[in-house]
Amino acid sequence: MLPHTVIPLGDRALTIDFPELDGRAPRDVIRSLDARLLASAHPAITGRVPGIGTLTLHYEPLLTSYEALVRFIHETLASLVVTPAAATDPVRIPVCYGGECGPDLDEVAATHRITAADVIAMHAAGIYTVAMIGFLPGFPYLEGLDAALHTPRRASPRTAVPAGSVGIGGGSTGIYPCTSPGGWHLIGRTPRALFAPTRQQPALLQPGDRGQFVPITPEQLRQQMEPQ
Amino acid sequence: MTITVRQAGIQTTVQDLGRPGWQHVGVPVGGAMDLVAHRIANLLVGNPDDAAGLECTLGGVALQFMAPALVAVAGRHVTASLDGVAIPAWQPFRVEGGALLVVHTGCRTCIAIAGGIDVPTVLDARGTSLRAGFGGFHGRALRRDDILPLGAPSSLGKRMVSRLVTQGRMIADWGAGPGLRPSYAMCPTVRIIEGPALRGLTDASRERVLHGSFRIAPESDRMGFRLQGHTLELTAPLEMLSAGVTIGTIQLPPGGTPIVLMADRQTTGGYPRLGEVIAYDLPLLAQLRPGDEVRFELVALDVAHTLYRQREHDIARARHAVQLRCAATDRDAR
């Protein structure tokens, strides 16, 4: 069985914590387990939250005891086949880098003693994986940022980051689905709507999905802008 | 059938049971802060649990009913009136077309109207997601002159109204008794399930959490309550990765001022977690106002579950009793 611990998160949720697993990224384990639990349609599981190295499950205590749910998780894990992320094409995310769209691009470049064009080239060269969705509806925490671009958060957060802003926070890339306060370094903006509650699949990106950034011009940004 | 908002108060929103099923894509659960008051108010007007109602913060809310309706208000410290005549909380009452319902004071007052607020369902619920700007009434808090559509009352709701009419009463001679209501207090002790960071506190800080009292800070809202009174310290910094959090999670940000996450919390959090307030005691916390105090006490998970199941049993029994009462009325009428 895969090494893991389960701890209560209050009386209606629990967190399954995976330490670093040799050879198998916890991300693949979490995505596979999450998919299996979703497919099981366990009546007591009311919500799922994949995190970084964790999977949190919300449950209805009228429909299960804590012990029975933990047993169910153990059994599911015992027979779990961990599969790597499906080798489908990454979701293409057009980004207009710099200028008004990315007010912190030059600062990020200066921090790493490279040019803004280098930052764009390096950022757009990577293939990213959605480690989790959190903070705001549809806000992806994307892993896979070139280590040479890791940048600590801004000393003072902005009170209003525009919807679609692409930011770097530490080693993660995030995209703000709606206007919100935010402390990440903003390097560009996407015209794609990250979250649309009335869309059949409200979130553009799901945990485990892969994504790739494609540079576009300000003109293309205007043309491709989706209602946010 | 509609209601017109004459005074919106500090923050009045359309709320229901929330959206637990969309947390994996970061959608806050939301829903009424005091789910017990919300559900009981619904029960008193013949609505299902998940019917949308209004949640008023503090007071100063005036609603004009454009057609007759059956209404109930529930919460802590509620003072309300109908066309200037005081009406009790926790009891259903009839409203005539044109009447003005005013919630003068309260904390998080739930107003249920037979048939519910008929706003569109978005991601399985009708509640307002303020931060994301969807659900409820155009994704925002109510403003003066908003016109809210009402749904059709259930057959149970209709029977309740005809019974009141037959009796010549505006206010029902029954309601939710004290045993069914949460035992609200100005300085309640709420029970918590221990979280991993509680042991990481210094002895003095741990002592404060378990034996001291905290004050609800003014900068508290539907997302979370800041707790003033003691700055808490960890013996060593805890490395934390963002993970799922829940309503009642007590987080400890670097400043040392704990925050209890409430209905509109984010789905994930990266701060050390001291513990979680149990579901049974959440209404006591939800109904506190800035300046009120709260104390914490550790409880075992099985005790929390026993309390949870007991309350669900009590609510189910109350729902059954309401149905029986109205069935008896039908027989009397025949």
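Among the conditions (1) facing chain B (nearest Cβ under 8 Å); (2) touching a residue at least 60 places away in the same chain (Cβ under 8 Å); (3) assigned to a loop (DSSP other than H, G, I, E, B), the only one that residue A:34 does not satisfy is (3).
Residue-wise test of (1) of a type in the set (D, E, K, R); (2) within 14 Å of chain B (Cβ to nearest Cβ).
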site: A:50; (1), (2): no, yes
site: A:54; (1), (2): no, yes
site: A:57; (1), (2): no, yes
site: A:70; (1), (2): no, yes
site: A:73; (1), (2): no, no
site: A:79; (1), (2): no, no
site: A:85; (1), (2): no, no
site: A:89; (1), (2): yes, no
site: A:96; (1), (2): no, no
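Tell me, yes or no, whether the range A:120-128 has at least one residue that is away from every other protein chain (no Cβ under 14 Å), open to solvent by less than 10 Å² (accessible area, probe 1.4 Å) and within 30 Å of residue A:201 (Cβ to Cβ).
Residues of the range A:120-128 away from every other protein chain (no Cβ under 14 Å): A:120-128.
Of the ones still in play, those that are also open to solvent by less than 10 Å² (accessible area, probe 1.4 Å) are A:123, A:128.
If we keep only those that are within 30 Å of residue A:201 (Cβ to Cβ) too, we end up with A:123, A:128.
Within the range A:120-128 (the criterion being away from every other protein chain (no Cβ under 14 Å), open to solvent by less than 10 Å² (accessible area, probe 1.4 Å) and within 30 Å of residue A:201 (Cβ to Cβ)), the answer is yes, since at least one residue qualifies.
Considering only residues that are assigned to a loop (DSSP other than H, G, I, E, B) and of a type in the set (A, V, I, L, M), look in the range B:222-251 and name the one that is most open to solvent (accessible area, probe 1.4 Å). It comes out as B:241. Considering only residues in the range A:211-227 that are within 29 Å of residue A:31 (Cβ to Cβ) and buried (at least 19 other Cβ atoms within 10 Å of the Cβ), the one that is nearest to the other protein chains (Cβ to nearest Cβ) turns out to be A:211. Of the residues making up the range B:116-139, those that are open to solvent by 20 Å² or more (accessible area, probe 1.4 Å) and either acidic (Asp, Glu) or away from every other protein chain (no Cβ under 13 Å) (or both) are B:118, B:124, B:137. Mind checking which pairs have a first residue in the range A:1-22 that is at negative phi and surrounded by 19 or more Cβ atoms within 10 Å (Cβ to Cβ) and a second that is part of a loop (DSSP other than H, G, I, E, B) and among the hydroxyl-bearing types (Ser, Thr, Tyr), Cβ under 6 Å, 6 or more apart or different chains? Taking only residues 6 or more apart or on different chains, the pairs are A:9/B:246; A:13/B:246.
Number of residues in the range A:166-207 that are in contact with a strand residue (DSSP E or B) (Cβ under 6 Å, 6 or more places away or on another chain), farther than 19 Å from residue B:133 by Cβ, touching a residue at least 60 places away in the same chain (Cβ under 8 Å) and within 14 Å of another protein chain (Cβ to nearest Cβ): the value is 2.
Restricted to the range B:153-205, and to residues there that are within 14 Å of chain A (Cβ to nearest Cβ) and β-branched (Val, Ile, Thr), the residue that is surrounded by the most Cβ atoms within 10 Å (Cβ to Cβ) is B:192. Give the residues of the range A:179-224 that are part of a loop (DSSP other than H, G, I, E, B) and either in the same structural domain as residue A:29 (by TED's automatic domain parsing) or in contact with a helix residue (DSSP H, G or I) (Cβ under 6 Å, 6 or more places away or on another chain) (or both), sorted by residue number. The answer is A:191, A:208.
The values are calculated or read from the model by the stated rules, or taken from the named source; none is laboratory data. Keep in mind that what you see is a predicted model, and the values were worked out from it rather than measured. All Cβ positions, glycine included, derive from the backbone under ideal geometry; neighbour counts span all protein chains shown. The protein model used for the area step is the full one, side chains on, heavy atoms only, and it has no ligands, DNA or RNA in it. Shrake-Rupley method; radii C 1.70, N 1.55, O 1.52, S 1.80 Å.
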